[in-house]
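Remarks on the structure that follows.
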Amino acid sequence: MGKAHPAVAGECSREHIEELANQLCRAVDGDFQFTVALTTNDASIQKLQLLINSVLDAVRRSLADVHATNRQLSQSVAQKDLQNVVQRVLAETRGDEFFSSLLELVQETFESSYGFFGYIRASDGALVCPSMTREVWAACDVVGKSIVFPRVAWGGLWGRILLERLPLIKNEPHNVPSGHVPLFRSMGAPILFNDELIGSIHVANRPTDYTETDVTRLKEMCDLIAPVLKMCVREMVQNEAEARYKADLIAAKEAAEAADRAKSEFLANMSHEIRTPMTAILGFADLLLEDGDLAQAPTRRVENIRTIHRNGEHLLQIINDILDVSKIEAGMLAVEQIPTSPVQIVEEMLSLQRIRSKARGLFLDAKYEGPIPQTIETDPVRLRQILLNLVGNAIKFTHAGGVRIHIGFDQSNSHAPCLRFAVTDSGIGMTTEQIRLLFQPFSQADASTTRKFGGTGLGLFIVRRLAEMLGGGITVASEFGRGTTFVFTVTTGSLDGVPFIDPREAQQEMEVTAATITGEPTLAISDQPLARCRVLLAEDGPDNQKLIMHHLKKAGAGIIAVENGRRALEQLTIDGTVDGTIRNPSPFDVILMDMQMPDMDGYTATRALRAMGFRSPIIALTAHAMAGDREKCIAAGCDDYLTKPINQTVLIGSIQRHVGNEITEESTNTPNLTYGSPAGLLQPASGLTPAKGGQ
């Protein structure tokens, strides 16, 4: 500041005042203090001094405000820069990378060696720290260390921060558990979203003390992080729920598949274990009905035999129903589409059911409503199965009156014309609630019907699925106490060139068909269709061996029986060993191979024979009738597949179909078989060693 001017006695000159003003301006511009020494009591000079002091005070306040504003601007710029960095990290990362990137940013911001960043798990309130400084984790020897900290384990500075929901600093050495890395400074803050604790950030071991300014900045970072962390936690909860749901689905699927496999194995074993003795029961019952003069036998004995046969057939039907349901559920029940005479199917069904209807004093007939196609393209076996089930049920639940089948052609849908069957009875009828349960598997209209009338509750479920597989469907109408009508349809397929027959012609055709169908099927064979046919039977059941050999001998075949696949191979090799060379030509025209035998089963034996060059037909005889069993046998190398109980006519027909004209005269390599011998079991010729158990 310039020199102070002495006061002048009396009035101040103009030049003096101007000089003072100039000094004032220089003082303001230089931002320093000066003192005006006045040696006069002049009032104007005193007022000027007061004015100058006021101006200087205002200038000082303004300068202070400017400095404060500059500081605020600097802090705002720093905060904005920090906010931009945090937002960039939030925008560019997710999952574990989100936590690790933010932790690195926080450590860098506060020049800290250690840190961790965690969130509160919604399920149990524990603190989960997916991001923790690697060096800390590697160096930590705390027993049972984990990135999950239950609420009961919240302790130390970080525990206080979470429990009190306040940021804290500790600039002195920490008491830490044994094995923990040493901490001598630390700072942390909770992360709150709408006053909800959702996480926390902690840093430690900076070279200098943490300050309140650091706390403020960390709190600002937590406020920026909170919305995104909340969203991430929500996504993690959702992902965890979806993962648990998927895991539960996978576990449920695996459990269901295991249960399905167990069920399939059970049904397969049940089928095998029941069908094997059923072959002997039904077969020998047939033999009892064939042998001798039934007219001379006591009536009671004949009825007993027929009762055995009838109940055996009923048991077999129950087994077939259960296996059909299994095939349907597995999607492996196949249907054919071949030309079929509906009149013949209806008459065959009537001929089989009339014995039952007559025994109950009921009428049973069929009525054709208008012309119908002479043939349709459908599966005759499954169509017959539907009719037998519906008519059988109608007879079972009818005490008086009878059962009538109405057959008509429905062309309301020109793209899929149908044949319509209505099975009407005058039986006990059903209520609406009973009808609702009809087509469910393992259910009956009334639980008491199981005890009173018998049955598995599978028939109508199978009927509905079969009708659908044949292109149609099924409906039911019933009045309790008055009777029931089941209506089902099957598509006819193409009718190009197919003639139609009117009701009278259909009735005449039924009468002609009925004349060729007996009321009770017979298994008697009058001629010898398998004369000179050489058969090797691999069957481990002695009763079934004896029965099958009886049927084939009666048909004129020569046969040797062995009890497993290994013995079958030994009969077909030159040196009588499993690994020997196959005889050429083969000593047998056909092999009947049971597929489940001890030592070596039929699958293994068949595959071995085909690998060795054996080309003669192999027909599988098996009690396995599950979905896929036929395909399994064919894949092993079998030419055909027959299920037990073995039907004599079907067996002989299958052999004829596969052997045909290939039956040759005996040669030096052929066992010395007696064809059609009424004697017991046949012996192999010289040069062939009978297998153990062979006949």
Residue within the stretch 219-230 that is among the hydrophobic types (A, V, I, L, M, F, W, C) and more than 17 Å from LEU105 (Cβ to Cβ) present: no
Residues of the stretch 106-142 that turn out to be under 43 Å from the mean Cα position of the chain (by Cα) and either farther than 30 Å from GLN238 by Cβ or among the polar types (S, T, N, Q) (or both), as a count: 2
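If only one of LEU103, LEU163 is open to solvent by 30 Å² or more (accessible area, probe 1.4 Å) and either of a type outside the set (A, V, I, L, M, F, W, C) or more than 43 Å from the chain's Cα centre (by Cα) (or both), which one is it? If you could, list the steps in order and put the result at the bottom.
Values: LEU103 fails: open to solvent by 30 Å² or more (accessible area, probe 1.4 Å).
The match here is LEU163.
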Scan of the stretch 409-468 for residues that are open to solvent by 50 Å² or more (accessible area, probe 1.4 Å), under 17 Å from LYS396 (Cα atoms) and at pLDDT below 85, ordered by number: ASP446, ALA447, THR450, ARG451, LYS452
Identity of the residue in the stretch 358-402, out of contact with any helix residue (DSSP H, G or I) (no Cβ under 8 Å at 6 or more places or on another chain), in a helix (DSSP H, G or I) and touching a residue at least 12 places away in the same chain (Cβ under 8 Å), that ends up least open to solvent (accessible area, probe 1.4 Å): ALA394
Exclusive hit being crowded, with 18+ Cβ neighbours inside 10 Å and assigned to a helix (DSSP H, G or I), set ILE345, ILE405, ILE355: ILE345
Long-range neighbours under 9 Å by Cβ, at least six apart or interchain, first residue among the aromatic types (Phe, Trp, Tyr) within the stretch 131-153, second open to solvent by 50 Å² or more (accessible area, probe 1.4 Å): TRP137/LYS145; TRP137/ILE147; PHE149/TRP158
Sole exception among (1) touching a helix residue (DSSP H, G or I) at 6+ places or on another chain (Cβ under 6 Å); (2) open to solvent by less than 60 Å² (accessible area, probe 1.4 Å) for ALA122, by number: (2)
Hits in the stretch 324-351 - residues which are within 22 Å of PRO503 (Cα to Cα) and among the aliphatic types (A, V, I, L, M): VAL343, ILE345, VAL346, MET349, LEU350
First in the stretch 473-487 and within 15 Å of ARG404 (Cβ to Cβ) and aliphatic (A, V, I, L, M), second anywhere and open to solvent by less than 30 Å² (accessible area, probe 1.4 Å) and at pLDDT 95 or above, Cβ under 6 Å, 6 or more apart: VAL487/ALA422
Odd one out for SER677, checked against (1) of a type in the set (S, T, N, Q); (2) in contact with a helix residue (DSSP H, G or I) (Cβ under 7 Å, 6 or more places away or on another chain); (3) at pLDDT 85 or above: (3)
Hits in the stretch 570-592 - residues which are open to solvent by 20 Å² or more (accessible area, probe 1.4 Å) and aliphatic (A, V, I, L, M): ILE574, VAL578, ILE582
Exclusive hit being within 38 Å of the chain's Cα centre (by Cα) and either surrounded by fewer than 20 Cβ atoms within 10 Å (Cβ to Cβ) or not charged (D, E, K, R) (or both), set ARG615, ARG630, ARG610: ARG610
Residue pairs meeting the criteria (Cβ under 7 Å; at least 6 apart or on separate chains; first under 23 Å from PHE480 (Cβ atoms), in the stretch 413-434; second charged (D, E, K, R)): THR424/ARG404; GLY429/GLU479; GLY429/ARG482; GLN434/ASP446
Any chance GLU539 is within 17 Å of ALA280 (Cβ to Cβ), of a type in the set (Asp, Glu) and open to solvent by less than 10 Å² (accessible area, probe 1.4 Å): yes
Top-ranked residue in the stretch 481-529 [being part of a loop (DSSP other than H, G, I, E, B) and surrounded by 18 or more Cβ atoms within 10 Å (Cβ to Cβ); ranked as modelled with the highest pLDDT]: THR492
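Within the stretch 235-252, is there a residue that is of a type in the set (Val, Ile, Thr), open to solvent by 40 Å² or more (accessible area, probe 1.4 Å) and either at pLDDT below 85 or within 30 Å of GLY541 (Cα to Cα) (or both)? Spell out the reasoning first.
Step one: filter the stretch 235-252 for residues of a type in the set (Val, Ile, Thr), giving 237, 250.
After this cut, where a residue has to be open to solvent by 40 Å² or more (accessible area, probe 1.4 Å) as well, the list is 237, 250.
Okay, now just the ones that are also either at pLDDT below 85 or within 30 Å of GLY541 (Cα to Cα) (or both), so 237.
So far as the stretch 235-252 goes, yes, one or more of its residues are of a type in the set (Val, Ile, Thr), open to solvent by 40 Å² or more (accessible area, probe 1.4 Å) and either at pLDDT below 85 or within 30 Å of GLY541 (Cα to Cα) (or both).
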VAL215 vs. criteria open to solvent by less than 10 Å² (accessible area, probe 1.4 Å) and not in a loop (DSSP other than H, G, I, E, B): no
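The values are calculated or read from the model by the stated rules, or taken from the named source; none is laboratory data. Note that the coordinates shown come from a computational prediction; the quantities given were computed from them, not determined experimentally. In this analysis, Cβ positions are derived from the backbone assuming ideal geometry, glycine residues included, and neighbour counts consider all displayed protein chains. Accessible surface is based on the protein model in full, side chains and every heavy atom, while ligands, DNA and RNA are left aside. Shrake-Rupley method; radii C 1.70, N 1.55, O 1.52, S 1.80 Å.
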